[in-house]
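Read through the structure below, which is laid out as structure tokens, and then see the notes.
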Amino acid sequence: MALSREELIQAVSGQMPEKRWKHTLGVMQSAVYLAEKYGADPVKADLAAILHDVAKYWPVSEMEAVIRDNGLNEDLLQHDKQLWHSEVGAFVAQRDYGIDDLEIINAIRWHTSGRVGMSLLDKVVCLADYIEPGRDFPGVDRIREQAEHSLEEGLIAGFDSTISLLLSQRRVIYPLTMFARNDLITQL
């Protein structure tokens, strides 16, 4: 049984530090704005935004166990642990919070890495995570500017920012993010 929006907010906000909950509130605001601007369902955008970081502060061992024990994408375990919470969050949204809408589940699952063939809701939630008002990193203003003109251009700018940062730190780049970026470029 799905929880009410208020019950969901209470349950999710209790699983993270106050600063991360403020981020989530910003993603909720940005996701609804982008959904209304680009024709996605604002109610689904809001729900996906509430849940997008639900597993972010879980212990790494617990996230790994959820991935392994439930037949989730084990390929993630070979990559940065920052990617794991999206996969676990999508699973938890279904298992613990009664979310059965695949569009919402997928928007949670792909909000960190992106994917080839992103849905409108995937794009909205992923971009909202980049541009929410509390975000402050080099290049965020450019991403926000692009987001005003095109979801795809905003996401490309966001992925470019992430990829550039990872390159500058000599860190591994998750291949799906490169594929997602390239797919968005072909859509323009």
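Laboratory data are not the source of any read-out in this text; all were calculated from the coordinates shown. Every value quoted in this text rests on a predicted model; they were computed, and no experiment measured them. Positions of Cβ are generated from backbone atoms using ideal geometry, with glycine treated the same way; all protein chains shown enter the neighbour counts.
Qualifying GluC sites (Glu not before Pro) in segment 102-164, where qualification requires a DSSP coil assignment and no more than 14 other C-beta atoms within 10 Å, comprise Glu148. With unit charges on the beta carbon (Lys/Arg positive, Asp/Glu negative), name the residue among His149, Val172, Leu184 whose Cα is farthest towards the positive pole of the charge dipole of segment 139-188. Checking the options against the dipole of segment 139-188, the answer is Val172.
Filter Lys44/Lys81; Lys19/Lys81; Lys37/Lys81 down to the pairs with a C-alpha to C-alpha distance above 22 Å, please.
Numbers: Lys44/Lys81 27 Å; Lys19/Lys81 20 Å; Lys37/Lys81 33 Å.
Correct reply: Lys44/Lys81; Lys37/Lys81.
For segment 136-160 and segment 73-89, what is the centre-to-centre distance using only Cα atoms, to the nearest Å? Cα centres, segment 136-160 to segment 73-89: 24 Å. For the chain, the membrane-span-like helices by this rule, meaning whole DSSP H stretches whose C-alpha atoms cover at least 20 Å of axis and whose Kyte-Doolittle mean is 0.0 or above, are 151-168; this says nothing about an actual membrane. For segment 8-139, the dipole from Cβ point charges (+1 on Lys and Arg, -1 on Asp and Glu) about the Cα centre works out to 300 debye, to the nearest 20.
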